[in-house]
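Participant: Sending over a structure as structure tokens; questions will come in a sec.
The values are calculated or read from the model by the stated rules, or taken from the named source; none is laboratory data. In this text the structure is predicted, and so the values were computed from the model without any measurement. In this analysis, Cβ positions are derived from the backbone assuming ideal geometry, glycine residues included, and neighbour counts consider all displayed protein chains. SASA here: full protein model, heavy atoms, side chains in, ligands and nucleic acids out. Shrake-Rupley method; radii C 1.70, N 1.55, O 1.52, S 1.80 Å.
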Amino acid sequence: MPESAQPETPILVSPAAPESPVTFPPAFLWGAATSAYQIEGAVREDGRTPSIWDTFSHTPGKTAGGETGDIAVDHYHRYREDVAMMADLGLTAYRFSVSWSRVQPTGRGPAVQVGLDFYRRLVDELLQHGITPAVTLYHWDLPQELEDAGGWPERDTAYRFAEYAQIVGEALGDRVEHWITLNEPWCSAFLGYGSGVHAPGRTDPAASLRAAHHLNLAHGLATSALRSVMPTRNEVAISLNSSVVRPLSQDPADVAAARKIDDLANGVFHGPILHGAYPKSLFEATRSVTDWSFVQDGDLEVIHQPLNALGLNYYTPTLVSAADPQLSGPRADGHGASEHSPWPASDDVAFHQTPGDRTEMGWSVDPSGLHELIMRYTREAPGLPIYITENGAAYDDKPAADGTVHDPERIAYLHGHLAAVRRAITDGADVRGYFLWSLMDNFEWAYGYEKRFGAVYVDYATLERTPKSSARWYERAARTGVLPEVDAR
Ligand code: IFM
């Protein structure tokens, strides 16, 4: 990002110890999040056509055990009981995504009303239970026809996305106030087109950078499209999985490696979206891969739209050092096994395990990273409200003999991260809500159903839902605005 874009606002830094008890503002939203392909199932119903994730998950070798989202947790048919469960858990907000293939099956042309009706019914059910809906338009499930036409590396996909955004905005804008254009465009671009561990599974570094730019353009175009059809009170945001990138040492080579990965993780999105320019250092670092000629005149103005809020998804920090490109060995960057790196032009960077306890994903538990990122957003986008649109942990949860599911590690994880959010609020950040990932166990992409992120346990044989002890802990936090002690059940 340009030096001039760094705001001067001083940010207070609080001592590490959380206040006790940890209390949140009365209007704070206590939410949970999901996404369409991970929970809906019903992939061939009511006119829905395949998305890139249907194709990818049905391709042998792409997901653990060949698992797919064909049934997922059958939320499409069980949404009423799921909303009742959310209300029972005291949630005040719910973030879900719309399946593009369900409402505009070929990714172009007129909408399918029956697809939109599903989301209208879901939203009405939420509102009747006093739960604030937050809609994400794109959580990785591009209609396959658009991928066949070139996917995100093609500029036209951004225009198709704006058309789709307008359709959904017209259908739900009267009843949904919180809108998120894209979820984690880093994953769509770099895991989808770089390392290939996500759909559509391409491994082309130049295509991954083109995809990143067209996702940015799609965000800008969709923001305008939504605003053209929705009441002005509605908020438009984007959810980024911004990274805390730490150097292994203060050696200048390690610090330079961290800056490079920071550009590729953060600058590539923060730059155009928040500051109206890509970092020059990003162009220089990736010159061997692309000349960036796909950035056309006027694109940055389109992308640099004033937003109403920012969504932050955080799980774990990233630790890097300089590396000898000749010696590049196995990568430990936490984004799945692939011989192809998601980081273009970065053979000179090594990724390291971060210290601390680990979740089932192998990700270290480090709430200080969440605090750090919230304060970074506060500096880079002063005055913009922040929502934590995802945060959570996978653990190997198993029901006890009496059917209850105890997950004390998840309670500790949530406590630590919510206390970090509270510290950031004390330090001057305007954080308005927290959406735990995830409401219930679901299809964890290339990991299939192996990794359980839910606060609610799902028995995949019967699809029965059982709130884990963390769900009840979170319920008490949501109902009182105060974090219960971590040993509470
Ligand atoms: O399950 C995913 C989600 O779809 C996007 N953010 C990260 C989660 C955990 O991997």
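Participant: Any chance you could check the Cα centroid distance between region 118-158 and region 354-399 for me, in angstrom?
Facilitator: Comparing the Cα centres of region 118-158 and region 354-399, I get a distance of 24 Å.
Participant: Still on this structure, please answer the following. How many Lys pairs in the chain lie less than 16 angstrom apart by Cα atoms, where the lysines are 8 or more positions apart or on different chains? Spell out each step's value before the answer.
Facilitator: Values: Lys62/Lys451; Lys260/Lys280; Lys398/Lys451; Lys398/Lys468; Lys451/Lys468.
Qualifying lysine pairs in the chain: 5.
Participant: What is the dipole size for region 272-364, taken about its Cα centre, with +1 at each Lys and Arg Cβ and -1 at each Asp and Glu Cβ, in debye to the nearest 20? The partial results should precede the final answer.
Facilitator: Numbers: 4 positive and 12 negative charges, 41 e Å.
Dipole about the Cα centre, nearest 20: 200 debye.
Participant: Any idea which of Trp445, Ile425, Tyr387 is furthest toward the positive side of the dipole for region 377-489, if Lys and Arg beta-carbons carry +1 and Asp and Glu beta-carbons -1?
Facilitator: Towards the positive end, the residue furthest out is Ile425.
Participant: Considering the zone a paramagnetic label at Asp174 would reach in this model (a point 7 Å from Cα along the Cα-to-Cβ line), which residues of region 107-121 have amide N under 20 Å from it?
Facilitator: 111-121
Participant: Using the Cα centre of region 258-331 as origin and beta-carbon charges of +1 (Lys, Arg) and -1 (Asp, Glu), tell me which of Ala258, His270, Trp292 is placed farthest towards the positive end of the dipole.
Facilitator: Comparing the listed Cα positions along the dipole, Ala258 ranks first.
Participant: Oh, and also: What is the magnitude of the charge dipole of the chain about its Cα centre, with +1 placed on the Cβ of each Lys and Arg, -1 on the Cβ of each Asp and Glu, and no other charges, expressed in debye to the nearest 20? Present the calculation step by step, with values, prior to reporting the outcome.
Facilitator: Details: 39 positive and 64 negative charges, 149 e Å.
Dipole magnitude for the chain comes out near 720 debye.
Participant: Please compute the modelled spin-label separation between Thr404 and Asp347, points set 7 Å along Cα→Cβ, answer in nm with one decimal.
Facilitator: Modelled inter-label distance: 5.6 nm.
Participant: Using per-residue counts of other Cβ atoms within 10 Å, averaged over each peptide, order 319-325, 261-267 from highest down. Mind dumping the intermediate values first?
Facilitator: Working: 319-325: 17.6, 261-267: 23.6.
Per-residue mean Cβ counts within 10 Å order the peptides as 261-267, 319-325.
Participant: With a 1.4 Å probe and all protein chains left in place, how much of the accessible area of the chain comes from carbon and sulfur atoms, in whole percent? Can you show the working numbers first?
Facilitator: Working: 9320 of 17950 Å².
It is 52 percent, rounded to a whole number.
Participant: Restricting to the chain, compute how many DSSP beta bridges are antiparallel as a %, nearest 5. Numbers along the way, then the final one.
Facilitator: On the way: 10 of 44 bridges.
In the chain, approximately 25 percent of DSSP beta bridges are antiparallel ones.
Participant: If you stretched the chain out fully between Ala27 and His129, how much longer would it get, using 0.36 nm times the residue separation minus the C-alpha to C-alpha distance?
Facilitator: Answer, rounded to one decimal: 35.0 nm.
Participant: How would you rank 426-439, 146-159, highest first, on the average number of other Cβ atoms within 10 Å across their residues?
Facilitator: Numbers: 426-439: 21.6, 146-159: 19.3.
Peptide ranking by packing, descending: 426-439, 146-159.
Participant: Further question on the same structure: Between beta-carbons, use under 15 Å as the cut-off and find the net charge around Gln166, counting Lys and Arg +1, Asp and Glu -1.
Facilitator: Working: positive: Arg108, Arg160, Arg227; negative: Glu163, Glu170, Asp174.
Here the charged neighbours net out to 0.
Participant: Follow-up question, since we're still on this one. Test of the criteria: in region 188-276, which trypsin sites (Lys or Arg not before Pro) are in a DSSP loop and have at most 12 other Cβ atoms within 10 angstrom of their Cβ?
Facilitator: On the way: sites: Arg202, Arg210, Arg227, Arg233, Arg259, Lys260; in loops: Arg202, Arg233.
Qualifying residues, ordered by number: Arg233.
Participant: For the chain, list the DSSP H helices whose alpha carbon atoms reach 30 Å or more along the long axis and whose average Kyte-Doolittle value is -1.0 or above?
Facilitator: Length and hydropathy pass: 205-229.
Participant: Further question: Dipole magnitude of region 345-384 about its Cα centre, charges +1 at Lys/Arg Cβ and -1 at Asp/Glu Cβ only, in debye to the nearest 20?
Facilitator: Working: 3 positive and 7 negative charges, 42 e Å.
Using Cβ point charges on Lys, Arg, Asp and Glu, region 345-384 gives about 200 debye.
Participant: Still on this structure, I have one more. Take peptides 129-139, 296-306 and line them up by average Cβ neighbours within 10 Å, highest first, as a rough protection proxy. Display every interim value, and only then the final one.
Facilitator: Details: 129-139: 22.2, 296-306: 15.0.
With the highest mean Cβ count within 10 Å placed first, the list reads 129-139, 296-306.
Participant: Here's something else I'd like to know. Checking the a/c ratio against 1.5 first, then a/b against b/c, what shape does the Cα gyration tensor give for the chain?
Facilitator: On the way: a/c = 1.29, a/b = 1.09, b/c = 1.18.
It is rounded, given that a/c, with a ≥ b ≥ c, falls under 1.5.
Participant: Which value, in Å² rounded to 10, gives the accessible area of Asp74 with a 1.4 Å probe and all protein chains present?
Facilitator: 30
Participant: Express the Stokes-Einstein translational diffusion coefficient of region 277-376 in µm² s⁻¹, to the nearest whole number, given a Kirkwood radius over alpha-carbon pairs, 25 °C and a viscosity of 0.890 mPa s.
Facilitator: Values: Rh = 16.6 Å.
Result for D is 148 µm²/s.
Participant: Filter the trypsin sites (Lys or Arg not before Pro) in region 21-63 to those in DSSP coil with at most 16 other Cβ atoms within 10 Å of their Cβ, and list the result.
Facilitator: Arg44
Participant: Quick one: length gained pulling Ala337 to Val114 fully straight, 0.36 nm per residue minus the C-alpha distance? Mind showing how you got there, number by number?
Facilitator: On the way: separation 223, 0.36 × 223 = 80.28 nm, distance 3.87 nm.
Length gained, Ala337 through Val114: 76.4 nm.
Participant: Right, next: Counting each DSSP H run of 4 or more residues in the chain as -39500 (n - 2.57), what helix-only mean residue ellipticity at 222 nm follows after dividing by all residues, to the nearest 500 deg cm²/dmol?
Facilitator: Rounded to the nearest 500, the figure is -10000 deg cm²/dmol.
Participant: Rounded to the nearest whole Å², what accessible area per residue is found for the chain with the 1.4 Å probe? Numbers along the way, then the final one.
Facilitator: On the way: 17950 Å² over 489 residues.
For the chain, the solvent-accessible area averages 37 Å² per residue.
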